[in-house]
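The values are calculated or read from the model by the stated rules, or taken from the named source; none is laboratory data. Note that this is a predicted model, so its numbers are computed, not measured. No Cβ is skipped: glycine too gets one built from the backbone with ideal geometry, and neighbour counts run over all protein chains shown. When the accessible area is computed, the model is the full protein with side chains, heavy atoms only, and any ligands, DNA or RNA have been set aside. Shrake-Rupley method; radii C 1.70, N 1.55, O 1.52, S 1.80 Å.
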Amino acid sequence: MKKISIIIPCHNEEDSVTRFFDTAASIVNVKEFSYEFIFIDDGSNDTTWSKILNLDVNSKSGISVKGIKLTKNFGKEAAIHTGLSESSGVTAITIDCDLQHPVEMIPKLIETWQQNNINIVHCIRTNRPKESFLKKIVTNIYYKILNAATGMDLRHYTDFKLIDRNVIDTYINLPEQSRFYKGLISWTGYSSINMDFDVEERC
């Protein structure tokens with residue numbers, strides 16, 4: 001049975017780890033694929049690691065959990081890279097643990113990937129999470145500069161996406177030391193499709 005990897009970077013997510021896993025495990029189709037959930041604890045200083053270790057997988061056929069604990073907070077980019085490097089699926093879905101990325105979209109991502117014979121499914125946000133006015137200004141300036149420098153308009157792109165094994169292997173073997181996940185995935189040039197979603201409230 002082919003395997004799908006779910007990559008979940010976590011930093012101080014003690015309130016959402018169990019809820020995320022229970023929700024995701026209840027909606028994936030284990031008749032067609034098996035699933036590995038890879039939680040990366042990015043130097044949390046709460047009980048996130050303990051929550052990961054205590055996830056109940058015994059009653060969930062076709063689902064496994066791998067926990068990776070980083071020695072300190074290296075940042076989300078490093079956590080995603082670590083998870084992808086440890087993944088063994090034919091495809092991987094990177095998704096936040098705080099439930100701002102709708103877990104319920106996982107089956108739709110897989111279906112879209114299968115039906116369209118593509119390498120990447122980008123999740124494009126239709127709204128922004130609550131943030132300060134200053135952050136909005138800084139973010140807009142950043143993406144204008146990025147667009148001018150690279151020709152890529154990534155203003156509404158997120159780290160929430162599906163990438164197949166070709167893209168995974170290309171990404172983890174890139175020479176960049178400082179990584180920008182959503183930028184590099186787009187830059188690889190593999191075939192892709194966009195899917196809109198609404199950002200949920202943070203758990």
Output the residue which, of all residues in the stretch 44-90 that are of a type in the set (D, E) and under 15 Å from the mean Cα position of the chain (by Cα), is surrounded by the most Cβ atoms within 10 Å (Cβ to Cβ). E77
If you go through the stretch 22-40 one residue at a time, do you hit one that is open to solvent by 50 Å² or more (accessible area, probe 1.4 Å), basic (K, R) and modelled with pLDDT under 95? yes
Specify the residue that is farthest from V103 (Cα to Cα); the eligible residues are those in the stretch 13-48 that are free of Cβ contacts under 8 Å to residues at least 40 places away in the same chain and part of a helix (DSSP H, G or I). T48
Which one of the conditions (1) modelled with pLDDT under 95; (2) open to solvent by less than 30 Å² (accessible area, probe 1.4 Å); (3) of a type outside the set (G, A, S) does R179 fail to meet, given that it meets all the rest? (2)
Could you tell me whether S5 is open to solvent by less than 30 Å² (accessible area, probe 1.4 Å), out of contact with any Asp or Glu (no Cβ under 9 Å at 6 or more places or on another chain) and at pLDDT 95 or above? no
